[in-house]
Protein chains: 2
Amino acid sequence: MRTPMTIADFLDRAELGFRDSPGVVDEPRQPAVPVPVASYGRFAERVRAWQAGLDALGVGEGERVAVVSHNSARLLELLFAVPMSGRICVPVNFRLKPEEVAYVVAQSGASVLLVDPELDAALAEVKARHRFVLGEETETGLMRFGVEPRPWSRPDEDATATINYTSGTTARPKGVQLTHRNIWVNGMTFGLHTRVWEGDVYLHTLPMFHCNGWGMPYVMAGLGVKQVVLRKVDGAEILRRVDEHGVTLMCGAPAVWNMVLDAAATWEGEIPGRDRVRIVCAGAPPPTRTIQRVEEELGWEFTQLYGLTETSPMLTFNRTRPADAALPAEERARKLSRAGLPALGVKLKVSASGEVLARSNTVLDGYWDKPEETAEALEDGWFHTGDGGTLDPGDGHLTISDRKKDVIITGGENVSSIEVEDTIFSHPAVAEVAVIGVPHEKWGETIKALVVLAEGATADESDIIAHCKQHLAGYKAPTSVEFRESIPRTATGKIQKFKLRQPYWSGIERGVN
Amino acid sequence: MRTPMTIADFLDRAELGFRDSPGVVDEPRQPAVPVPVASYGRFAERVRAWQAGLDALGVGEGERVAVVSHNSARLLELLFAVPMSGRICVPVNFRLKPEEVAYVVAQSGASVLLVDPELDAALAEVKARHRFVLGEETETGLMRFGVEPRPWSRPDEDATATINYTSGTTARPKGVQLTHRNIWVNGMTFGLHTRVWEGDVYLHTLPMFHCNGWGMPYVMAGLGVKQVVLRKVDGAEILRRVDEHGVTLMCGAPAVWNMVLDAAATWEGEIPGRDRVRIVCAGAPPPTRTIQRVEEELGWEFTQLYGLTETSPMLTFNRTRPADAALPAEERARKLSRAGLPALGVKLKVSASGEVLARSNTVLDGYWDKPEETAEALEDGWFHTGDGGTLDPGDGHLTISDRKKDVIITGGENVSSIEVEDTIFSHPAVAEVAVIGVPHEKWGETIKALVVLAEGATADESDIIAHCKQHLAGYKAPTSVEFRESIPRTATGKIQKFKLRQPYWSGIERGVN
């Protein structure tokens, strides 16, 4: 028997088996009235109320519903309600400028736009056929409690469930179409490898718009896990919530964990969650020092995932193997800093040019209304990640050596900016670092490091360069270091290198030898 | 992107990520030379050698390969090798009589028959186009090491992977066709709910022919878990292996755990695996006393699964919820004695007549060459389990009240033989019990208990009946009790009630009011 693998499988099980268990704890501090702590029974009722509301509006199957919102219970509900009724959810990055949001709404052809009250004024000019502010306006004007929604006429695992626009490092963002099957397999595989169960408590430290919170909302519901909403990432607040709710599991980019480490330095009393919390790090390769500090200073288990929005996101997973538990902390951290072993069902290979290619049921169906880009990304039946990497022939683990578009080619040598960043970050005076290539007449590019010093710490350019030369081949050391107050990141913690490079390259065609 | 969900996903990951890890530890005590402890790299090589051998024999895609074997590394290899090359594996119950094996070989149309050396003489008359004795004959005469097998021309998740003949309680056994997708989803779901990971060590306490060892071989390989082969079930030997190999996970019917409990009573020193081992019980509803004793006397975590060969087998799973951990042992055991919550993706309902119906990607494709039986079993798009049950409206858990065909109807009342058995089993003098209906002129049927007393214990008919009347409604108490030396069971630990009933019903049409 074949039954369609759809998002409904997750919520159906939550409602059946965890009807009276705490399902979702909304963020108490938000401009809209928070949704009261919802059992999964109540959560499912609210999901049906959204669906009945969309029915009443006349929004048909396959139509797009865009949501621009910070993390909230309402956004979580919509991630189920919209695709479970055969419509397509478009969660939009809340940091985008109004004209960028307008582009996403227009490009996806969304007929409904739902907006966070905090963003309403800024996005006043962004319109759709139906526009609601999340909160009172949707509670009273859209949701239809007690009305059974129209069932989806032909539940199909290959139907598009969500369109997630990639943060975009250069061009206009592209809409990644994920199917129900993509999300189902990602959820099952993620849950399997991270060993999620109903004894877990999950804190939403990821933006939910980002690849649907990596698909975690689905598997958490399916396994009856309490989900605690965190509206805005803040190190000390994360520690407080871990304590208050008995959190056991969180996901986030390295920058998130560095924030927590900073907050932990001035935390009074024992760090909450020691020997209980496990974290999944992704979004950027984590510095080994961060890994070691998480395990030593917080006593949390560090695991790593590699993937992209285009892969739902799970491609690989890394955790310390039992056989490695007794290794020295530094060596364990070095092993953990690799992207990891392909998840069950994922096939990876590295192309002749060094690019990581993937085949998996988590790989996107295509870019919305972009047939050329889709064909290019899926050329030869493999998804082209755009990242450079290597597969360890011994244990099959992937190491990402560089985001391909960020590789620095200096004097004909390819340099992994990640490797240089990792080395600089191991210098005790360094709080943050980004390494970029800047134009150089002789070598094409040369290496520049942008450094944020730790509070109260001192170091000058020659210290940093000497530190690199001590640990790396000479050509990998930066030739210049600039000290900054901060380094801009996307909402998901990624450094936007193209923005850092811009001032140096303006008016120059990037030369690659 | 869609990639086919096939058994290859499991072995591919084992070979990639656990190439040098111990994969399979064969049974040392068997008539054929055991396969040396095999890393997953070596295991995958052996799988390819089987495939190349079948290629050389001219066995085409879709052809059936039957294997009659006690648990062994070779059988484990064949569970991968045959379906991964697009052929169909038919693992046969080693307890069947020669004419029954001949029936299975003929009905499945197997072109290859592989036989355990211990069974060779008894099965001398059972023939197929190609017949090999497992061991030296297959190592030298069939397997082709170093030859790449022909790839499966069109890997398809809906292709039949195995045909497993149901143990059959009345008629000729039927061949349950499981597809790659059935087995893939069962493996993922099983691994998810039992929280399998590479730190586990799995002991094969189940017969591997039985629903492919419940699909465990696949998920264990995919997660890099060491698999220890146990050729024949024996309580003391299970305790020794748990100790020797650091076993953490086992599956089996209640009878297996009762054997272990018996062996533990005379075990010298601490019971191995305390607070480390978890067991999955299925095949028959476990008595609450067994559950309690496993947790108290062995210190092993008890979990339960419900399913059938026709459902790959996973339909439900039950484990003590964190919120229930502090309940009194007896109440915890009572809750654990239920079949459990539907696994992710499984839909259950109870028909008007009380039969449990299921929809899931783990439900069989059909019975091999039995279109009528298939249509009947899948009527209205639901699989008919033949078991009676109820769904708890509070927490969604299924309780199997009776195998439908075994229900006792006495004086118009339906009595769950399981409930009566459970009550009798709670009497301290009782080691084993089976409850059946026997003909009665006035009530149609009346209840008879067949009891095996514990060693050295005494109890008579009136004690047992009084014990039942104390705990159950009067009409549920047996009207007669017979004491026996043993109760016959199938290889999978099921009591074959139809055999127990036969002598009482011979010559009588079973009357149901």
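The residues packed around A:Ile238, meaning those with a beta-carbon under 13 Å from its beta-carbon, carry a net charge of -2 if Lys and Arg are +1 and Asp and Glu are -1. Working note: Karplus 6.51/-1.76/1.60 with θ = phi - 60° gives region B:325-334 the couplings 4, 8, 5, x, 3, 5, 5, 4, 5, 4 Hz, where Gly and Pro are set to x. Think of the protein assembly as shown as having a plus end and a minus end, set by charges on the Cβ of Lys, Arg, Asp and Glu; of A:Cys281, A:Val420, A:Pro217, A:Pro217 sits farthest toward the positive end of this dipole. Axis angle, to the nearest 10 degrees, between helix B:40-57 and the longest C-alpha principal axis of chain B: 70 degrees. Projecting the Cα atoms of A:Phe18, A:Val229, A:Tyr202 onto the charge dipole of chain A (Cβ charges, centred on the Cα centre) puts A:Phe18 farthest toward the positive pole. Residues whose amide H lies under 5 Å from that of B:Ala431, counting only those 5 or more places away or on a different chain, are B:Val452, B:Leu453, B:Ala454; hydrogens are built 1.01 Å from N in the peptide plane. Compared with the dominant principal axis of the Cα atoms in chain A, helix A:73-84 is inclined by about 70°.
Note the direction-averaged projected area, equal to a quarter of the hull surface, for the Cα convex hull of region B:347-387, in nm².
Details: hull surface 11.7 nm².
Spelled out: convex hull of the Cα atoms, projected over all directions, averaged, 2.9 nm².
Computed about its Cα centre, the charge dipole of the protein assembly as shown is approximately 1080 debye, with only Lys, Arg, Asp and Glu carrying charge at their Cβ.
Computed 3J(HN,Hα) for region B:300-311, one whole-Hz value per residue from the Karplus formula 6.51 cos²θ - 1.76 cosθ + 1.60 where θ = phi - 60°, is 9, 6, 9, 10, 10, 10, 10, x, 9, 3, 5, 10, glycine and proline marked x. For region B:347-387, the relative contact order works out to 43 percent when only alpha carbon pairs closer than 8 Å and six or more residues apart are counted.
Once a ≥ b ≥ c are taken as the square roots of the eigenvalues of the Cα gyration tensor of region A:1-63, is the result rounded (a/c under 1.5), prolate (a/b larger than b/c) or oblate (a/b not larger than b/c)? Mind dumping the intermediate values first?
Working: a/c = 2.53, a/b = 1.19, b/c = 2.11.
Oblate, because a/c is 1.5 or more while a/b does not exceed b/c.
For chain A, the spherically averaged projection of the C-alpha convex hull amounts to 24.7 nm². Taken along the Cα-to-beta-carbon direction at a fixed 7 Å, the label points for B:Asp369 and B:Phe483 span 5.0 nm.
Apply 1/(1 + (r/R0)^6) to the Cβ-Cβ distance of B:Arg2 and B:Glu461, taking R0 = 60 Å, and write down the FRET efficiency to the nearest 0.05.
Values: r = 63 Å, r/R0 = 1.05.
With a Förster radius of 60 Å, E is 0.45.
Between A:Phe483 and A:Val451, the built amide H atoms are under 5 Å apart, and every one of these is 5 or more places off in sequence or on another chain. A straight line joining the Cα centroids of region A:167-224 and region A:1-70 runs 15 Å. Other residues within the sphere of radius under 11 Å centred on the Cβ of A:Trp368, judged by their own Cβ, net out at 0 (K and R +1, D and E -1).
With an a/c value under 1.5 for the gyration tensor axes a ≥ b ≥ c computed over the alpha-carbon atoms, region B:115-232 is described as rounded. Report the calculated FRET efficiency for A:Asp392 and A:Tyr103 (r = Cβ-Cβ distance, R0 = 45 Å), to the nearest 0.05. Approximately 0.65, to the nearest 0.05.
At an R0 of 51 angstrom, the distance between the Cβ atoms of A:Glu137 and B:Glu270 translates into a FRET efficiency of 0.20. Dimensions of the protein assembly as shown based on its C-alpha atoms, expressed as ranges along the principal axes with the largest first, amount to 99, 70, 55 Å.
In sequence order, region B:94-102 has phi-based couplings of 6, 8, 5, 6, x, 5, 6, 4, 4 Hz under the Karplus curve 6.51 cos²θ - 1.76 cosθ + 1.60, θ = phi - 60°, and Gly or Pro positions carry x. Here the contact order of chain B, divided by its residue count and restricted to Cα pairs under 8 Å and six or more residues apart, works out to 11 percent. Take the Cα of A:Glu379, step 7 Å toward its Cβ, do the same at B:Trp505, and the gap between the two points is 6.9 nm.
Where does each of B:Ser312, A:Ser462, A:Ser360 land when they are ranked from fewest to most other beta-carbon atoms within 10 angstrom? Walk me through the numbers on the way to the answer.
Details: B:Ser312 31, A:Ser462 9, A:Ser360 26.
Fewest-to-most ranking of B:Ser312, A:Ser462, A:Ser360: A:Ser462, A:Ser360, B:Ser312.
Relative contact order for region A:258-313: 40 percent, from Cα pairs under 8 Å spaced at least 6 residues apart, divided by residue count. As I understand it, the dipole of region B:347-387 uses +1 on the Cβ of Lys and Arg and -1 on the Cβ of Asp and Glu, about the Cα centre. Which of B:Thr385, B:Ser360, B:Ala375 lies farthest toward its positive end? In region B:347-387, that residue is B:Ser360. Rounded, prolate or oblate, given the Cα gyration tensor of region A:1-179, with a/c below 1.5 counting as rounded? Oblate, since a/c reaches 1.5 and b/c is not below a/b.
In deg cm²/dmol, rounded to 500, what helix-only [θ] at 222 nm does chain A give when every DSSP H run of at least 4 residues adds -39500 (n - 2.57) and the total is split over its residues? My calculation for chain A gives -9000 deg cm²/dmol from helical runs alone. If the chain linking B:Glu355 and B:Tyr475 were pulled fully straight, counting 0.36 nm for each residue of separation and taking away their Cα-Cα distance, it would gain 41.0 nm. Give the angle, between 0 and 90 degrees and rounded to the nearest 10, that separates the Cα long axis of helix B:180-194 from the longest principal axis of the Cα atoms of chain B. For helix B:180-194, the angle is close to 60 degrees.
For region B:236-311, applying the loop criterion from DSSP together with a ceiling of 10 other beta carbons within 10 Å to the GluC sites (Glu not before Pro) yields B:Glu268, B:Glu270. Label separation (A:Glu441 vs A:Asp234): 5.2 nm, computed from points 7 Å beyond Cα along the C-beta direction.
Here region B:247-266 and region A:291-366 have alpha carbon centers that stand 37 Å from each other. Under a model in which nothing but the beta-carbon of Lys, Arg (+1) and Asp, Glu (-1) is charged, chain B shows a dipole of about 640 debye around its Cα centre.
No value in this document is a laboratory result; all are computed from the given coordinates. Since this is a predicted model, take the numbers as computed values, not measurements. Positions of Cβ are backbone-derived with ideal geometry, glycine not excepted, and every protein chain shown enters the neighbour counts.
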